[in-house]
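Read through the structure below, which is laid out as structure tokens, and then see the notes.
The values are calculated or read from the model by the stated rules, or taken from the named source; none is laboratory data. Since we're looking at a predicted model, the values are computed, not measured. Note that each Cβ is placed from the backbone with ideal geometry, even for glycine, and that neighbours are counted across all protein chains shown.
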Amino acid sequence: MQTEFQIETDGQGLYEFTRDLRRWVKAQGARDGLLTLFVRHTSCSLLVQENADPEVQGDLRAFFARLVPPSTHSSMSYLRHTYEGPDDMPAHIKAAMMPVSLSIPVLDGAPVLGTWQGVYLFEHRDAPHLRKVAAHLAGTS
């Protein structure tokens, strides 16, 4: 069973889509299995992260912005791939450092996530984008 989730972003940040995943997995009728997610872009990532305190998402964004600043920052002057703006190559670097695919067990018709875990698309670009996440559920009914 496969589908594609479309996630609209409005700039850098974490966008949770756990509810959509849970709803889709339940609708498939699979009792147990494995959910595989793959983001179809080179400038964003996928994360399983805390969804209880929004400060976690803000801190993650701030950390990666500090770790990989825009290409206009003096520490990034060596970058050459800047055709789409100062966030372009830094977005590719962040995506290379973080997962672009996830594997999540499914048990009793639901993704096996911890109490405070959510599934996020981590957008690394400043401009709004429509991101596509391919999902594949292999399981037993």
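Scanning segment 101-116 for residues that are hydroxyl-bearing (Ser, Thr, Tyr) and either farther than 28 Å from Val68 by Cβ or modelled with pLDDT under 95 (or both) returns a single hit, Thr115. Just one residue in the set Met98, Met89 is under 15 Å from Leu67 (Cα atoms), crowded, with 20+ Cβ neighbours inside 10 Å and aliphatic (A, V, I, L, M); that residue is Met89.
Residues are listed down the side, and each one gets a yes or a no for (1) aliphatic (A, V, I, L, M); (2) surrounded by 17 or more Cβ atoms within 10 Å (Cβ to Cβ); (3) more than 30 Å from Ala138 (Cβ to Cβ):
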site	(1), (2), (3)
Gln12	no, yes, yes
Asp20	no, no, no
Arg31	no, no, no
Ser74	no, no, yes
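Got at least one residue in segment 30-39 being touching a His at 6+ places or on another chain (Cβ under 8 Å) and among the charged types (D, E, K, R)? The answer is no, given that none of the residues of segment 30-39 is touching a His at 6+ places or on another chain (Cβ under 8 Å) and among the charged types (D, E, K, R). Looking only at segment 7-44, residues that are modelled with pLDDT under 95 and β-branched (Val, Ile, Thr) come to 0 in all. For Pro90, the conditions (1) without any contact (Cβ under 8 Å) to a residue 12 or more places away in the chain; (2) more than 15 Å from Val39 (Cα to Cα) all hold with the exception of (1). Scanning segment 36-95 for residues that are of a type in the set (D, E, K, R) and touching a Lys or Arg at 6+ places or on another chain (Cβ under 9 Å) yields a count of 4.
Name every residue in segment 36-84 that is among the β-branched types (Val, Ile, Thr) and in a loop (DSSP other than H, G, I, E, B), in order of residue number.
Of everything in segment 36-84, those that are among the β-branched types (Val, Ile, Thr) and in a loop (DSSP other than H, G, I, E, B) turn out to be Thr42, Val68, Thr72, Thr82.
Pairing residues of segment 41-56 that are over 20 Å from Pro128 (Cβ atoms) with residues that are of a type in the set (A, V, I, L, M), at Cβ distances under 6 Å and at least 6 apart in sequence or on separate chains, gives Val48/Val119; Glu50/Val56. Just one of (1) farther than 16 Å from Arg131 by Cβ; (2) surrounded by 12 or more Cβ atoms within 10 Å (Cβ to Cβ); (3) in contact with an Asp or Glu (Cβ under 9 Å, 6 or more places away or on another chain) fails for Leu107. It is (2). Only one of the listed residues (Thr82, Thr42) is surrounded by fewer than 17 Cβ atoms within 10 Å (Cβ to Cβ), more than 22 Å from Arg19 (Cα to Cα) and under 14 Å from the mean Cα position of the chain (by Cα). That residue is Thr42.
Results for (1) aromatic (Phe, Trp, Tyr); (2) farther than 20 Å from Arg131 by Cβ; (3) touching a strand residue (DSSP E or B) at 6+ places or on another chain (Cβ under 7 Å), shown as yes or no for each residue.
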| residue | (1), (2), (3) |
| --- | --- |
| Glu4 | no, no, yes |
| Asp20 | no, no, yes |
| Thr36 | no, no, yes |
| Leu60 | no, no, yes |
| Phe63 | yes, yes, no |
| Val68 | no, no, no |
| Ser71 | no, yes, no |
